[in-house]
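The values are calculated or read from the model by the stated rules, or taken from the named source; none is laboratory data. Note that this is a predicted model, so its numbers are computed, not measured. No Cβ is skipped: glycine too gets one built from the backbone with ideal geometry, and neighbour counts run over all protein chains shown. We work out accessible area using only protein heavy atoms, side chains counted, and drop any ligands, DNA or RNA first. Shrake-Rupley method; radii C 1.70, N 1.55, O 1.52, S 1.80 Å.
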Amino acid sequence: SMLLLATAGLFLRSVTNLWAVPIGYNPDRLLYVTTDNITTRPLVDDVLRRLRGLAGVTAVSVSQWPLFTNAERATRVCIGGSREELVDSDRITSRFFEAWGTPFVAGRDFGEIAEPSIIVNQTFAKRFLPGNPLGQTVALLGCPGRPMTVIGVVADHTDRPRAGITPMVY
C-alpha cells in the first residue's frame, strides 16, 4: 500500500505541475470540433456562417490541423531569399487566434479577402526575422518559393505542455 500511495502522490504532483505550465491560449468556453471530409471552401464558408449566427458565439475559425500541433518541422520556408529552414505550419481562416484566445504580439489578423500573407509565432520571429518582423517577406515551399508578407506575430502556444515550442507559420 505504501508503493501505491507514493505512486498516487507522484501522479498528482505531475498533474498539478502540468496545469501550471502556460499553454498560450484560453481553453475556457472553447468548443473544439473535428470532422473528416470538409474538402470544399464553399462548405467551410457555409459552416462558418452558420456557427457565427448562433447565440453566444464570439469567434469561429477553421484550421487544417487539430489544435496547436507543434508537430514535426515539415514545411520548407525561405528566409532572406536564400536561407531555407524547416518549420511547423497550419492553414487557418481569419479569427483563429481570437477563437483560441491567443494574443497578437504585433500586427494583425488575416482579412476576409485573400492576400499573400502569413502570421508567425514569437519563436519564428525571434529565430528567423531580426528586428521588426512585420512587412518582411518569407517564401513558402522553399527557395525561391511563394513569397508571403508577415502581417502578424502571435504569442507562443502549445497543446503539449511537455514539448518545446517550434517556429510556426500560419
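Tabulated results
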| read-out | value |
| --- | --- |
| Lone unmet requirement of (1) under 15 Å from the mean Cα position of the chain (by Cα); (2) open to solvent by 10 Å² or more (accessible area, probe 1.4 Å) for F124 | (2) |
| Residues located in the stretch 156-170, provided they are out of contact with any helix residue (DSSP H, G or I) (no Cβ under 6 Å at 6 or more places or on another chain) and surrounded by fewer than 17 Cβ atoms within 10 Å (Cβ to Cβ) | D159, R160, R162, A163, G164 |
| In the stretch 127-146, the residues that are farther than 14 Å from T75 by Cα and either in contact with a Leu (Cβ under 8 Å, 6 or more places away or on another chain) or crowded, with 21+ Cβ neighbours inside 10 Å (or both) | P133, Q136 |
| Which numbered condition G80 fails, given (1) on the phi < 0 side of the Ramachandran plot; (2) open to solvent by 50 Å² or more (accessible area, probe 1.4 Å); (3) modelled with pLDDT of 85 or more | (1) |
| Any hit, the stretch 36-53, residues being assigned to a loop (DSSP other than H, G, I, E, B) and at pLDDT 85 or above | yes |
